[in-house]
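Okay, so here's the structure we're looking at.
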Amino acid sequence: MGILEIKDINKRFGGLQALGDVNLSVEEGTVHAIIGPNGAGKSTLLNVLVGKLEPDTGSVTFEGRSILGLKPHQINQLGISRVFQTPEIFSTLSVFENVMIACFAKRDGAFQLNPLASISNEKDIHEKVEQMLLDVNMADKRNDIAASMSRGDKRRLEMAMCLAQDPKLLLLDEPTAGMARADTNNTIELLKEIEEKRGITMVIIEHDMHVVFSLANKITVLAQGTPIVEDVPSKIKGNPKVQEAYLGGAHE
Amino acid sequence: MFGLDKVDTRTFLFVVAITLLAPFILNPFPSESALAQFNAGYPDLMQRFVIFGIFAIGFNILFGLTGYLSFGHAAFLGVGSYAAVWMFKLLSFNIVPAIALSIIVAGLFSLVIGYICLRRSGIYFSILTLAFAQMSFAMAYSVLSNPSFNLTNGETGLQVYASDPQYLKGNGPDNTHLFGLEMNSTATLEIGAWAFQFNIGFYVCAAFMIAAFYIAMRIFRSPFGLMLRAIKTNQTRLNYTGLNSRPYMLAAFVISGMYAGLAGGLLAATDPLAGAERMQWTASGEVVLMTILGGAGTLLGPVLGAAFIKYFENIFSKINDTVLHTWFSFMPESIENFLVAIIYPFVGKGWHLTLGLMFMLIVIFLPGGLVDGGMRIWNRITGKNRTQADPVADPKPAE
């Protein structure tokens with residue numbers, strides 16, 4: 001039984017079958033990549049996992065508990081963090097404040113009415129933020145306004161915010177999309193480090209094969225809304241079904 | 001001090017000093033001089049400065065921090081006034097129960113309205129709040145004022161009559177008072193050609209404003225305030241970070257509604273009268289102007305904006321053509337008439353025109369409002385390069 005179990009998910013948008021009978025099991029401690037050509041349903045699947053979309057049928061359970069129908073913040077509080085395709089950060093706030101918000105969310109839950117508490121008294125939060133910034137190599141950028149940073153740094157910051165919550169499962173939606181080669185490699189390094197040091201289970205949706213094969217222990221190939229192959233990376237490359245899906249054979 | 005860091009303590013003490021010394025600061029010209037009409041140091045106007053300061057400080061907690069633009073905040077002010085006047089009618093002219101009730105009623109009112117309006121964001125939220133405020137206005141103006149059930153006394157406005165019960169009045173004063181201290185009593189201090197007026201009502205309101213400012217400051221520096229600023233920046237990220245934005249918004253809305261209620265209660269406390277026009281959309285728009293003019297999201301901005309607008313409203317509107325003619329009487333008559341003709345549309349009844357022009361100039365050239373302007377001048381003088389007027393939540397670690 002995996003940490004995340006997806007059973008018989010179907011999702012239609014009008015006449016389009018975006019997801020058809022998706023079954024997927026993510027084992028704890030693995031990096032599980034979901035790949036597939038454009039329009040294969042990768043993003044739809046991710047949006048189902050984070051509570052943004054409700055599937056027509058099927059079930060999604062996390063640690064044995066159904067997460068369907070939960071709001072994004074509730075799913076996050078269970079221990080699932082999401083990294084977006086374009087980094088979603090608090091762009092007008094400083095790097096330090098960005099990470100601090102994640103730390104508060106972890107410690108105080110979804111809502112805390114403390115209008116007279118003082119941020120400068122929160123020593124444990126400050127320490128944790130410092131630690132997180134060191135972990136992602138951003139300690140020198142702590143006072144920078146988030147919007148002013150490079151794409152790679154924004155990604156780093158978003159990752160720091162997710163890690164500050166000690167998630168059990170990290171969902172990454174094309175974490176290197178639109179990045180320069182150097183930034184991509186940095187991100188791969190960062191993710192590898194996270195996997196080695198923290199052993200967080202990750203689900204990566206990715207286009208870039210270089211990223212997928214550098215990181216994943218397991219790969220699921222999605223085509224036209226259905227998983228066609230699930231295997232370890234070394235066996236995916238030579239699989240004729242995969243080549244067919246990518247070269248357009250499946251459309252015939 | 002007071003749970004604030006050094007910079008904030010300084011700002012706070014500055015506000016306290018300015019407020020307490022307002023009768024001097026606002027009265028720079030000798031009473032008999034031609035410039036005396038620019039003095040703002042008389043009780044009625046000073047009370048308005050601090051009361052609308054409170055209103056704007058509260059509005060800024062919602063608009064400045066979360067970016068949600070409410071166009072119906074005057075409704076809470078009006079409700080506060082009505083609640084206070086009812087306390088005068090039923091109990092006595094003591095302002096304490098009146099102000100307590102006005103805060104509570106405005107809080108409950110904003111809880112209901114906020115709960116409904118916050119289902120939408122952006123322009124739809126603004127429109128919903130505007131609709132609610134106009135409904136409240138209509139209710140106060142006509143619906144809730146009929147012979148069988150007269151809660152608001154319609155267009156006459158709610159006021160205290162001799163026939164009202166006033167159960168706790170006893171031998172108490174016939175005017176609003178704080179445990180016997182009458183709000184309208186004024187002491188005048190004459191120094192040379194100057195006459196400074198110290199009014200109980202002003203100092204009571206000023207004490208409330210200082211408390212209101214202090215609480216706002218604490219909110220700005222709290223984790224709660226940080227979440228509100230996060231809502232303004234990126235609500236999606238906030239939700240995916242495990243935070244529920246809805247209750248945060250509602251709490252901010254209710255807090256700012258209670259500030260408006262307090263302001264309404266104080267308006268009634270200085271003049272025991274409540275009219276429906278206090279709830280009209282123009283009154284809601286005014287607080288938006290005050291906040292933006294002074295600098296939304298800054299601590300001092302709203303207070304400055306409120307004082308600025310009230311000053312214009314009361315001082316510029318008093319300059320009529322007779323006054324203008326006396327100003328320019330030293331010139332040849334043709335030039336005098338020409339100048340008066342040019343300036344006249346901008347003063348007196350036309351003060352809105354001047355205000356509108358200044359508002360445009362500030363929004364275009366100083367998007368951060370008066371506080372931003374002040375900061376730029378200060379930086380010019382000191383040669384420093386501080387970009388933000390309010391380094392909100394100093395991200396230095398706690399030492």
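Here are some notes:
- Relative to the current alpha-carbon distance between B:R380 and B:E190, full extension at 0.36 nm per residue lengthens the span by 64.6 nm.
- In the range B:229-243, the residues that give up 20 Å² or more of accessible area when the other protein chains are added, compared with the chain on its own (1.4 Å probe), are B:R229, B:A230, B:T233, B:N234, B:T236, B:R237, B:N239, B:Y240, B:T241, B:G242, B:L243.
- Surface per residue (accessible, 1.4 Å probe) for the protein assembly as shown, Å²: 44
- Chain B: most fluctuating residue of B:P43, B:P97, B:P272 per GNM, C-alpha cutoff 10 Å: B:P97
- Rounded to 5, the percent of DSSP beta bridges in chain B classed as antiparallel: 90
- The apolar share of the surface of the range B:209-317, taken as the fraction of accessible area on carbon and sulfur atoms (1.4 Å probe, ligands and nucleic acids excluded), comes to 63 percent.
- For the range A:1-56 and the range B:138-186, distance of Cα centres in Å: 65
- The B and A chains share an interface that buries close to 3200 Å² of accessible area, total over both sides, probe 1.4 Å.
- With Cα atoms, 0 to 90° folded angle of helix A:95-108 axis to chain A main axis: 80
- Distance between modelled label sites at A:R65 and B:F328, nm, 7 Å Cα→Cβ extension: 7.7
- Stretchable slack from B:F38 to B:T9, in nm (0.36 nm times residue separation minus alpha-carbon distance): 7.3 nm
- Magnitude of the charge dipole, the protein assembly as shown, Cβ model with Lys/Arg +1 and Asp/Glu -1, debye to 20: 340
- Kyte-Doolittle mean at least 1.6 and Cα axial length at least 18 Å: DSSP H helices in chain B: B:95-117, B:200-220, B:351-365
- Accessible area of chain A belonging to carbon and sulfur atoms, whole % at 1.4 Å probe: 48
- Between the helical axis of A:181-198 and the longest alpha-carbon principal axis of chain A there is an angle of about 80 degrees.
- The mean sequence separation of alpha-carbon pairs under 8 Å and at least six residues apart, normalised by the residue count of the range A:37-185, gives a relative contact order of 33 percent.
- Pairs over the 23 Å Cα-Cα cut-off, from the set A:K7/A:K218; A:K197/A:K241; A:K11/A:K237: A:K197/A:K241; A:K11/A:K237.
- Accessible area of B:T282 (1.4 Å probe, protein heavy atoms only, ligands and nucleic acids ignored): about 80 Å².
- Average Cα contact separation per residue, the range A:89-166, under 8 Å, 6 or more apart, as relative contact order %: 55
- Cα-based Lys pair tally, chain B, threshold under 18 Å, eight or more apart or on separate chains: 5
The values are calculated or read from the model by the stated rules, or taken from the named source; none is laboratory data. All of these numbers come straight from a predicted model, not from anything done at the bench. Don't worry about glycine lacking a Cβ; one is built from the backbone with ideal geometry, like all the others, and counts go over all protein chains shown. These accessible areas exclude ligands, DNA and RNA; they are computed on the full protein's heavy atoms, side chains included. Shrake-Rupley method; radii C 1.70, N 1.55, O 1.52, S 1.80 Å.
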